[in-house]
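The values are calculated or read from the model by the stated rules, or taken from the named source; none is laboratory data. None of the values given here were measured: they were computed from a predicted structure. Counting neighbours? That spans all protein chains shown, and the Cβs are built from the backbone with ideal geometry, glycine included. Ligands, DNA and RNA are stripped out before the accessible areas are found, and what is left, the full protein with its side chains, is counted by its heavy atoms. Shrake-Rupley method; radii C 1.70, N 1.55, O 1.52, S 1.80 Å.
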Amino acid sequence: TSTATSTLGVSSAGNPTVPGFFQQRLVLAGPVSQPQQFNMSKPGAQFNFDVSQIIQADDAIQSTLVSGQLNTIQSMVAQPQGLIMLTDRQAWLLNGGAAGSGISPINIIANAQSFNGAGGPLPIVATNNIIYVQAKGSIVRDMAFSIYTSVYSGVDISAIASHLFYNFTLSEWAWAEEPFKLLWAVRNDGALLTLTYLKEQEFIAWSHSDTNGAFTSVASVVEATATAGNIDAIYFVVQRQVNGNTVQYIERLAERAFPNGLASAWCVDAGLAYTGAATLSFTGAQHLAGMQVVGIATTDTGTTAAITPLTVSTTGTFTLPAPASPATGYTYVLIGLAFTAQVQTLALDLGDPTLQGKVKKINSADVRVSETLGLSIGSDFSHLVAMKDLVVG
């Protein structure tokens, strides 16, 4: 018989903090006491970290990023050219010495790619672009392989909306590729940022959303829907003050699909719908107890109209006024918290010579929208007038 002795590291060394997979190897990187170190298992044997007396190409790998400064490994992304290892100081490309080549204990190369550093939530891969938050948590960058320089490089894609990021950080985000190529990010103050990212069309745009409460978490789940096909459905955890209590709700973002026009609109927060026999009184809205809500209602004669603001009772009940005869009640009712969608254009300028700083008179404005009603327009949000709705059949 034979015996063996195994010596474990001291507990203060800590466990690896960044896991991943690359070329059929389990990669465990960034142990607490060695933040630049990474360990790779044998290929095809993710829990085998054995090495031979004479090193073989399929042995496990232990290595360290070597730099003039401490690089704490934050995340890893497998790419065709190799393994991108993002640290708080630099981005590194690991491969066997050439783009796409296999790595081994005998042949492994780590080359620095960019020097911005990464942190925050895990990076997102959109097509062949890596989107990540810089180390200080308030700048978003993308990164892709350049055939011209043979390195991974990118740009600051948050600079076009820097007012949404200055003095804030991003805590979580999720990527919804279908149907609109949207990245949803939770900001540390509870606001929600949305990035439309279609790099091949050079289309990058940011917007922000707030609610009666605060967004605390976000996730994307692939789902099959009746109105929009297979999509990446977005779920939020939202913290609200309801009926004197602090609560957290899991809420799903509704699809922008309106097969029945206004009757299909779901344009409220924390919404709840009723479908059934015609009635005027409703129960089951305890999640909105004591709160003012709005919504839409469809009568038993098929007429749909907006619900004027009303307050839900502390027990979750409410009553709607009787509709005009011959209708007797409502067969469909949707209520929820109101929000106002707003958009502000950039300062008007027609080129050289500049018009900025000069008084301008705008006689008319045309706005092209889709599935939208009830618009108002003005010089600022305090001076709005209603626009005429033109519905094209």
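Taken over the C-alpha atoms, region 75-130 has Rg and Dmax values of 11.5, 33 angstrom.
Counting only Cα atoms, region 328-393 measures 62, 30, 17 Å along its principal axes, largest extent leading.
For GLN74, the residues 5 or more places off, or on other chains, whose built amide H falls under 5 Å of its own are LEU86, THR87, ASP88. Here's the list of aspartates and glutamates a cross-link from LYS360 could span, going by alpha-carbon distance under 12 Å and ignoring same-chain residues fewer than 8 apart: ASP349. For region 154-257, the Cα gyration tensor yields ellipsoid semi-axes of 24, 21, 9 Å (square root of five times each eigenvalue, largest first, whole Å). Residues in region 65-81 carry Karplus couplings, in order, of 5, 10, 8, x, 9, 5, 10, 8, 5, 10, 6, 9, 9, 6, 10, x, 7 Hz; the curve used is 6.51 cos²θ - 1.76 cosθ + 1.60 with θ = phi - 60°, and Gly or Pro positions show x.
Labels on offer are (i) 5, 21, 30, 24, 14, 5, 1, 0; (ii) 4, 16, 23, 21, 15, 11, 7, 2, 0, 0; (iii) 4, 18, 27, 24, 15, 8, 4, 1, 0, and the one holding P(r) over Cα pairs in 10 Å bins from 0, in percent computed from this structure is (ii). Each Cα pair under 8 Å and six or more residues apart adds its separation to the average, and for region 243-393 the resulting relative contact order is 22 percent. In the context of the full set of protein chains, residues of region 53-126 present 45 Å² of accessible surface per residue (probe radius 1.4 Å, heavy atoms only). Spatial offset of region 212-253 relative to region 264-290 amounts to 17 Å, using the alpha carbon center of each. Measuring gaps between exposed loop sites in the chain (trypsin sites (Lys or Arg not before Pro); DSSP loop; at most 16 other Cβ atoms within 10 Å), the longest gap, sites not included, is 1-135.
Given the options GLY244, GLY378, GLY271, state which has the largest fluctuation in a GNM of the chain using a 10 Å cut-off (strictly under) for Cα springs. In the Gaussian network model the winner is GLY378.
For region 250-322, take the convex hull of the Cα atoms, compute a quarter of its surface area, and give me that in nm², please. Let's see the in-between values first.
Details: hull surface 20.7 nm².
Over every viewing direction, the Cα hull of region 250-322 projects on average to 5.2 nm².
Work out the FRET efficiency for SER150 and SER67 from their Cβ-Cβ distance, taking R0 = 22 Å, and round it to the nearest 0.05. The calculated FRET efficiency here is 0.65.
Highest GNM mean-square fluctuation, the chain, Cα pairs closer than 10 Å: which of THR345, THR196, THR169? Looking only at THR345, THR196, THR169, the largest GNM fluctuation is found for THR345.
What stretch of the chain, leaving out the sites themselves, is the longest with no GluC sites (Glu not before Pro) in a DSSP loop having at most 14 other Cβ atoms within 10 Å? Could the numbers behind the result be given before it?
Details: sites that count: GLU202, GLU371.
After excluding every exposed loop site, the longest remaining stretch is 1-201.
Computed over region 23-81, the range of Cα coordinates on each principal axis works out to 32, 28, 20 Å, biggest value leading. Summed over all non-identical Cα pairs, the Kirkwood treatment of region 307-357 gives a radius of 16.2 Å. Here the Karplus relation 6.51 cos²θ - 1.76 cosθ + 1.60, evaluated at θ = phi - 60°, turns the backbone of region 195-208 into coupling constants of 10, 8, 10, 10, 4, 5, 9, 6, 10, 9, 8, 10, 9, 9 Hz, with x for every Gly and Pro. Taking the centroid of alpha carbons for each part, region 1-67 and region 350-370 are 62 Å apart. Among GLN90, GLN286, GLN69, the largest mean-square fluctuation in a Gaussian network model of the chain (Cα springs under 10 Å) belongs to GLN69. Accessible surface of the chain, 1.4 Å probe: 54 percent of it comes from carbon and sulfur atoms. Based on Cα atoms of region 106-168, Rg over Rh with Rh as the Kirkwood radius reads 1.03.
Heavy-atom accessible surface of region 237-276, averaged per residue, reaches 59 Å², computed with a 1.4 Å probe.
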